[in-house]
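Asks: One structure, pasted below without further comment.
Where a number appears in this text, it was derived from the coordinates with a stated rule and is not lab data. Computed from a predicted model, the values in this text were never measured in an experiment. No Cβ is skipped: glycine too gets one built from the backbone with ideal geometry, and neighbour counts run over all protein chains shown.
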Amino acid sequence: MGFKDALTGAFLLGSLALGASTFSPARPPAIPLAVKAPYLNTWLNAGSDGGNGGYLAGEWPVFWNQHITAWTGLIRVDGTTYQWMGAVPNSKNVDQTEFSYTSTRSNFVMDVGGKVEMNITFLSPVMPNDLKRQSLTFSYLDVGVHSLDGDSHDVQLYADVSGEWASGDLSAIIEWDYGTSDGVAYHQFNRQSQTEITESSELPNWGTFYWSTASTDGLTYQSGGDTDVRGTFQSQGVLPNSKDTNYRAVNNNWPVFGFAKDLGSVSGGSVSTLFTIGLTQDNAIQLLGEGSGLTTYPSLWKSYFDSDLEAVTFFYNDYDTAASIATDLDNKVASDSIAAAGQDYLTITSLSVRQTFGALQFTGTDSDPVVFLKEISSNSDIQTVDVIFPAIPLILYTNPKLLDYLLKPLFLNQENGHYPNTNAIHDLGTFPLAKGYPDGTDEPQPLEECGNMIIMVLAYAQRTDDTDYLNQHYEILKKWAGYLIDESLIPADQISTDDFAGSLANQTNLAIKGIIGLRAMAEISSLTGHDDDASSYLDTATSYISQWQDLGINSAADPPHTTLSYGDGSSHGLLYNLYANSLLGFGSDFVPQSVYDMQSNFYPTVALEYCVPLDTRHTYSKTDWQLWAAAIASVDTRNDFISRIANWIDKTPTNRAFSDLYDCVSGDYPGIQFTARPVVGGHFALLALP
């Protein structure tokens, strides 16, 4: 039996066979390999829309946008070469027998000709309470080999990465080098011409990639054309310790950076080889915040390390500690998820952690950290308020202080006079340039974002007891609350966070967000000693929630339910914004329990094969909002939501990183391809409740 993570025993209950391999707890639409930050975000396509079913050998790993980030693994056993990762033509692939995933790991087990077994673990650590380690944009690849048939075998291991990691423009010239430091051997490579704070096809135009392993006896290396380097290993099992000095375009004879390790005679005991891949950037983001010009924010790791190589070698030599911390998080998510709602829920939550944190860029200094979020795949906005909002359950569950770091750029921009509108801003521009909208021309979601900001601020303060934070931002919060007073009860024709569904007036779900936002503002006012404000906001919110029940509920329906928009009795939609009422602890003291019960009874009556539709306009739905609704529903309804989503994960033809938007009938993309978005942090809705 091959290596399993400590959690795999729980996962086996959901294991399904696809060909020669089992997949546990499910076969994801795409498998996270190195997913740590917006620019280190590599996956293995699995779903039938374009993947190979989840097999590491025979498919090129890709960046979230499908740009190939070639990552190749070969192994020679008794003179015969096999491919264990990548899609090198005319290669003999190993037989994958098992796959499993946890919150931080993707584990593969390979049978190599019946002679040896490989245990391959991709570990992208998630350390929300350790900013030094979390700030490093690096990921681990651990490869263990042991005899399968009881005999000893002569084994050599090979792995390379290509220059494709370094540039979204394949015609860009890259340069590279090789060296050793503190027991670590490394290939470094980067664009020859660098321009900070710019991108090409979603990849950065600045920074240096490091591909590393241990500098030990039996290690050889080579940089050069892909067919040359790989061919040398295939024929000889060793590399010549040579460097190609012909710096060139990524697509010119495809430069790759290889390591070969002679494992010698391998018998019963496992022989492990550790690799790391990562990116260093001195500066990370520019923000229009304090002052009249852009402020450049350094990468946070610069506060802890004096040089690239110090960071590279620290990360490599920190593996045992990093793996232990990662296991603690894996175990916590597993035990909490199963206790909350069973194995199906763990199938969902454990696939969501790396994806959420993989959209975060940690910047600033150790005394003043600032976290920026990239709205991956939908439009690459930076600091989108209604993308942070659905992600907050995971943030609150792991470290509520991170929410302060995420909201900080939004406050810096708006409190320094860079946004003219009375409502809260939608986003700060296009990642990695947070230049804001001094002319007020951001995407217009005024009611959405006012409610989101006030709710998030209170959620943070409740979990950290940080009333100073509330006082610091009270004036702008009060301005946004004023907008909610004017606009939340009868919403004008506008878009909400589900902008792809179109504009609509009198949205029932949008209205309750604004009303809960006013109730939250009453609490903020009370906590900060603004008693008169507190009384006024509470009176308004109480009046509004009473009127809302008359406006937004079709009581004559069988069963009764809220409508998509006021007066449209035949319409319905997920009332996911009701979740905020529970997240903030208001409960039935504010929104009657009858509303919760009504919606909980209604959802199963409109469920389709893979989900409950977002609303009556379409047959698609969103996983984050479904789980927000599930978290406040009855046990039976909650489990119905969860089982449909877990079943979808295993069966969907979608082939990209966990899409939060899919069709409830086909399980496929609904014409819109959302992928790798951090909103999947919302899947922790059950675990974030007080």
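Asks: Quickly rank 627-640, 435-448, 235-248 as a protection proxy: mean count of other C-beta atoms within 10 Å, highest first.
Replies: On the way: 627-640: 21.1, 435-448: 18.7, 235-248: 14.6.
For the peptides 627-640, 435-448, 235-248, the packing ranking is 627-640, 435-448, 235-248.
Asks: For the stretch 100-167, what number results from the quotient of the Cα radius of gyration and 2.2 N^0.38 Å?
Replies: For the stretch 100-167, the normalised Cα radius of gyration comes out at 1.45.
Asks: All other residues with a Cβ under 14 Å from the Cβ of Asp282 taken together, and with Lys, Arg as +1 and Asp, Glu as -1, what is their net charge?
Replies: Neighbourhood net charge equals -3.
Asks: Same structure, new question: Could you tell me the calculated FRET efficiency between Ser643 and Asn246, based on Cβ-Cβ distance and R0 = 41 angstrom, to the nearest 0.05?
Replies: Once the sixth-power term is evaluated, E becomes 0.15.
Asks: In the chain, what cysteines have no partner Cβ closer than 4.7 Å?
Replies: Cys450
Asks: Right, next: Quick one: 3J(HN,Hα) in Hz for the stretch 432-437, Karplus 6.51/-1.76/1.60 with θ = phi - 60°, rounded, Gly and Pro as x.
Replies: Result, ordered by residue: x, 10, 9, 8, x, 9 Hz.
Asks: List every residue whose amide H lies under 5 Å from the amide H of Asp668, counting only residues 5 or more places away in sequence or on a different chain, with H placed 1.01 Å from N in the peptide plane.
Replies: It is Asp663, by chain and number.
Asks: Going by C-beta contacts inside 10 Å, put Leu346, Leu131 in order with the fewest on the left.
Replies: Values: Leu346 28, Leu131 21.
Starting with the residue having the fewest Cβ neighbours, the order is Leu131, Leu346.
Asks: Run the quick spin-label model on Asp154 and Asp486: label points 7 Å from Cα toward the beta carbon, then report their separation in nm to one decimal.
Replies: Reported label-point gap for Asp154 and Asp486 is 8.1 nm.
Asks: If you stretched the chain out fully between Asp262 and Val606, how much longer would it get, using 0.36 nm times the residue separation minus the C-alpha to C-alpha distance? Don't skip to the end; give the middle numbers.
Replies: Working: separation 344, 0.36 × 344 = 123.84 nm, distance 5.93 nm.
Computed gain between Asp262 and Val606 is 117.9 nm.
Asks: Using modelled amide H (1.01 Å from N, peptide plane; none on Pro or chain starts), what sits under 5 Å from the amide H of Gly573, excluding residues fewer than 5 places away?
Replies: Those lying under 5 Å, H to H, from Gly573 are Leu564.
Asks: Where does the chain land at 222 nm, in deg cm²/dmol rounded to the nearest 500, when only DSSP H runs of n ≥ 4 count, each adding -39500 (n - 2.57), divided by all residues?
Replies: Calculated at 222 nm, the ellipticity per residue is -9500 deg cm²/dmol.
Asks: If you don't mind, there's one more thing I want to ask. Remind me, relative contact order of the stretch 8-323 in percent, using alpha carbon pairs under 8 angstrom and six or more residues apart?
Replies: 16 percent.
Asks: On to the next question. Quick one: in the stretch 211-364, what % of C-alpha pairs are over 18 Å apart?
Replies: In whole percent, the share of Cα-Cα pairs in the stretch 211-364 beyond 18 Å is 75.
Asks: Using Cβ counts within 10 Å as a stand-in for footprinting exposure, how do Trp301, Trp84 rank, fewest first?
Replies: Starting with the residue having the fewest Cβ neighbours, the order is Trp84, Trp301.
Asks: Kirkwood hydrodynamic radius, computed over distinct alpha-carbon pairs, for the stretch 442-499: how many Å, to one decimal? Don't skip to the answer; put the middle values down first.
Replies: Working: mean 1/r = 0.0809 Å⁻¹.
When all Cα pairs of the stretch 442-499 are included, the Kirkwood radius is 12.4 Å.
Asks: The stretch 59-155: which trypsin sites (Lys or Arg not before Pro) are DSSP loop and have at most 14 other beta-carbon atoms within 10 angstrom?
Replies: Filter output for the stretch 59-155: Lys92.
Asks: What does the charge add up to near Val312, with Lys and Arg as +1, Asp and Glu as -1, over the other residues with Cβ less than 15 Å from its Cβ?
Replies: Here the charged neighbours net out to -3.
Asks: Please state, to two decimals, what the Cα-based radius of gyration of the chain comes to when divided by 2.2 N^0.38 Å (N = residues).
Replies: 0.98
Asks: Turning to a different aspect of this structure: Report, largest value first, the span of the C-alpha coordinates of the stretch 8-323 along each principal axis, in whole Å.
Replies: If we take the Cα atoms of the stretch 8-323, the spans are 69, 47, 38 Å.
Asks: Continuing with the same structure: Give me P(r) over the stretch 483-590, computed from all C-alpha to C-alpha distances, binned every 10 Å, as integer percentages.
Replies: In order of increasing distance, the bins hold 15, 45, 31, 9, 1 percent.
Asks: How much net charge surrounds Gln383 when only the other residues with a Cβ under 13 Å from the Cβ of Gln383 are counted, with Lys and Arg +1 and Asp and Glu -1?
Replies: -4
Asks: Give the order of Cys611, Cys664 when sorted by the count of other beta carbons within 10 angstrom, beginning with the fewest.
Replies: Lowest to highest Cβ neighbour count: Cys664, Cys611.
Asks: Give me Rg/Rg_expected for the stretch 291-388, where Rg uses Cα atoms only and Rg_expected = 2.2 N^0.38 Å with N residues.
Replies: Against the compact-globule rule of thumb, the ratio is 1.38.
Asks: Another question about this same structure. Could you please state, rounded to a whole Å, how far the C-alpha centre of the stretch 153-215 is from the C-alpha centre of the stretch 464-511?
Replies: Distance between centres, Cα-based: 44 Å.
Asks: Let me ask something additional. Once all Cα-Cα distances of the stretch 564-690 are split into 10 Å bins that start at 0, what whole-number percent is in each one?
Replies: Percent of Cα pairs in each bin: 13, 45, 33, 9, 0.
Asks: Let me ask you something else. Alpha carbon centre of the stretch 387-443 versus the stretch 52-125: separation in Å?
Replies: Centre-to-centre (Cα) distance: 39 Å.
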